[in-house]
Every structure is written in structure tokens, then in C-alpha cells.
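Input: a single structure, listed below in C-alpha cells.
Derivation of every value follows stated rules applied to the coordinates shown; laboratory data play no part. All figures in this text were calculated on a predicted structure; none of them were measured in a lab. Ideal geometry is used to build each Cβ from the backbone, glycine not excepted, and the neighbour counts take in all protein chains shown.
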């Protein structure tokens, strides 16, 4: 078999100009500004560790939740199922969720889609998600950018383009 090449960077295909990738730098990426309106922090609404029984000590120091930040137990791929996440976010006036993490085809895809279907704006930094293979990452970006009732709520971007 030949050498495997990386898939091209995902671009959104939505009719919504905010998620179409019309970045001011002409690079095809939208730059969301999380400073306006309430937004979920880049950390603090994730699961503590990747497996049941994980602790904050299992998380990289830079990503460890600060005192008082919400930490959800492992809930499966959709963090809204069997949790009060929607109620908590809406109760804090949060209207924007940043979806990122490992195994893009699970939590990023399902929690991001679920948030969009619940009316949240969803920011997905494509360089903030990973998987064991290129295809699940590309599929996750493609699905969130093209799926009916989801894509209008989703913006694909990069981590260095998020301001808050």
C-alpha cells in the first residue's frame, strides 16, 4: 500500500456566512469572539479524565479545572444526556459552547450536535480535536458543518482564532 496522505483541512459549507469560513484574513476560517455574550469557557465543562475513576490529577496541568469550575463525570459521548448540563448553561446565561477534545467522533461530534440542537452556538476548533485516525476528525468537522438543523449553529475555526 502507498503512503497515506493527510486529508485536506475541513471548511464549512453552510449558507450562514458566519460558519462558511469567510475569515477576514482570507484564510477561510471565521474568528469567533467569545467576549461578546456569555460563552462556555474552554475548560470547566468537560469530563474529569477520560475514564470512570479519573481525577483532576490525570488532566494536563494547563487544563485542570479551576476551583469552582463544573466537572462532569464520564457520561458517554453526549454530555447532555443524564446530566443537568443544559439547565446549568442556560442558568448561567451561556449561549455559546466550545466543543473540543480527544476522540472527535464521540464527545466533540455528539455533544456539539446536541448543543446545536438545543439552540446553543457551537464553536469547534478543528485543531482542538483529535482521534486515532484522520477520517473521524474529518467526518466530525464535515457532519457538524453540513447536517440539517445543526450546521447553522456551528462555526469551525482554529484555537488561535478564538478570543475571549
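So the values come out like this:
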quantity: Likely footprinting exposure, 120, 80, fewest C-beta neighbours within 10 Å first; calculated: 80, 120
quantity: Cα-based shape type of region 58-164, given that a ≥ b ≥ c are square roots of the gyration tensor eigenvalues and the cut on a/c is 1.5; calculated: rounded
quantity: Euclidean distance of C-alpha centroids, region 120-139 and region 67-108, integer Å; calculated: 16
quantity: Inter-label distance, nm, simple model (7 Å from Cα along the C-beta direction), residue 133/residue 72; calculated: 2.6
quantity: Pairwise label distance in nanometres, residue 88 with residue 147, each label 7 Å out on the Cα-Cβ vector; calculated: 2.2
